[in-house]
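Reading through the structure tokens given below for one structure.
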Ligand code: MG
């Protein structure tokens with residue numbers, strides 16, 4: 001009986017511990033707030049103020065080799081991959097900022113505390129995508145931010161290149177939702193970063209499977225109170241959300 005009570009207590013502590021450890025990642029920065037816009041420098045600062053554990057961005061490389069931070073392949077008429085830096089610099093975000101370069105972004109991250117989750121977008125040309133990865137890694141090194149960044153990508157080839165080229169211990173997560181944790185473990189991924197539907201409906205067992213393998217689980221993009229509470233209860237490691245304040249209030253309870 002006594003042992004059973006102790007075990008129950010331990011299980012309770014472990015579940016509370018797991019819930020407390022959920023980390024907030026702001027999806028494309030914290031942009032659903034005054035003065036902000038997706039992937040803007042402000043969105044990082046706002047995420048840092050919440051405070052979020054991490055702030056996510058998306059990166060593309062321009063035709064002449066400058067990395068820009070934006071989600072869309074073509075944004076306000078500018079296809080980043082096929083445009084020059086001079087053309088990309090003319091793009092204005094919804095909050096009035098210019099579209100930031102990755103280097104401008106890193107300078108702001110250097111001043112903050114939140115980690116940066118860097119999504120390497122799938123480029124049309126693999127060689128350009130590889131160049132984007134190599135240059136991004138060099139810039140992160142230049143600003144000595146290696147210990148404050150992780151990488152995510154839909155393209156497994158991108159994940160593999162980052163794992164190969166980044167300093168040992170750099171966390172790389174795969175986004176596409178189609179590979180089992182054990183497959184990703186074999187190639188050196190730190191964990192999965194999967195869509196909510198994959199982890200709630202299609203493969204709910206992958207959360208525990210990841211943890212058994214010593215891997216981490218991130219889930220995106222979770223925005224409703226009900227879904228946030230669901231994934232908090234499942235003990236995922238990170239939740240990527242457009243509603244970081246809502247998640248913060250749930251975690252405080
Ligand atoms: Mg993204």
Item checked: Filter result for residue 58 (under 16 Å from the mean Cα position of the chain (by Cα) and within 15 Å of the ligand (Cβ to nearest atom)) -> yes
Could we say that residue 93 is within 20 Å of the chain's Cα centre (by Cα), crowded, with 18+ Cβ neighbours inside 10 Å and over 23 Å from residue 172 (Cβ atoms) here? no
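Okay, residues lined up against (1) touching a residue at least 40 places away in the same chain (Cβ under 8 Å); (2) more than 16 Å from the ligand (Cβ to nearest atom); (3) within 26 Å of residue 107 (Cβ to Cβ):
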| position | (1), (2), (3) |
| --- | --- |
| 169 | no, yes, yes |
| 194 | no, no, no |
| 204 | no, yes, no |
| 230 | no, yes, no |
| 234 | no, yes, no |
Of the candidates 103, 119, the one satisfying the condition of being at negative phi and in a helix (DSSP H, G or I) is 103
When restricted to 178, 208, the only residue free of Cβ contacts under 8 Å to residues at least 12 places away in the same chain, surrounded by fewer than 17 Cβ atoms within 10 Å (Cβ to Cβ) and touching a helix residue (DSSP H, G or I) at 6+ places or on another chain (Cβ under 9 Å) is 178
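Considering only segment 147-165, how many residues are out of contact with any strand residue (DSSP E or B) (no Cβ under 7 Å at 6 or more places or on another chain) and away from the ligand (no atom under 16 Å from the Cβ)?
Counting residues in segment 147-165 that are out of contact with any strand residue (DSSP E or B) (no Cβ under 7 Å at 6 or more places or on another chain) and away from the ligand (no atom under 16 Å from the Cβ) gives 6.
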Condition set closer than 17 Å to residue 238 by Cα and away from the ligand (no atom under 15 Å from the Cβ), scope segment 112-146, selection surrounded by the most Cβ atoms within 10 Å (Cβ to Cβ): answer is 114
Per the list (1) surrounded by 13 or more Cβ atoms within 10 Å (Cβ to Cβ); (2) away from the ligand (no atom under 16 Å from the Cβ); (3) at pLDDT 95 or above, residue check on residue 34 breaks on (1)
Expected single match for buried (at least 21 other Cβ atoms within 10 Å of the Cβ), more than 16 Å from the ligand (Cβ to nearest atom) and without any contact (Cβ under 8 Å) to a residue 24 or more places away in the chain among 83, 43 is 83
- Query: closer than 30 Å to residue 21 by Cβ and in a loop (DSSP other than H, G, I, E, B), is that true of residue 113?
  - Reply: yes
Would a scan of segment 75-83 turn up a residue that is within 15 Å of the chain's Cα centre (by Cα), modelled with pLDDT of 95 or more and under 23 Å from residue 161 (Cα atoms)? no
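The values are calculated or read from the model by the stated rules, or taken from the named source; none is laboratory data. Remember, predicted model here, so these are calculated numbers, not experimental data. Don't worry about glycine lacking a Cβ; one is built from the backbone with ideal geometry, like all the others, and counts go over all protein chains shown.
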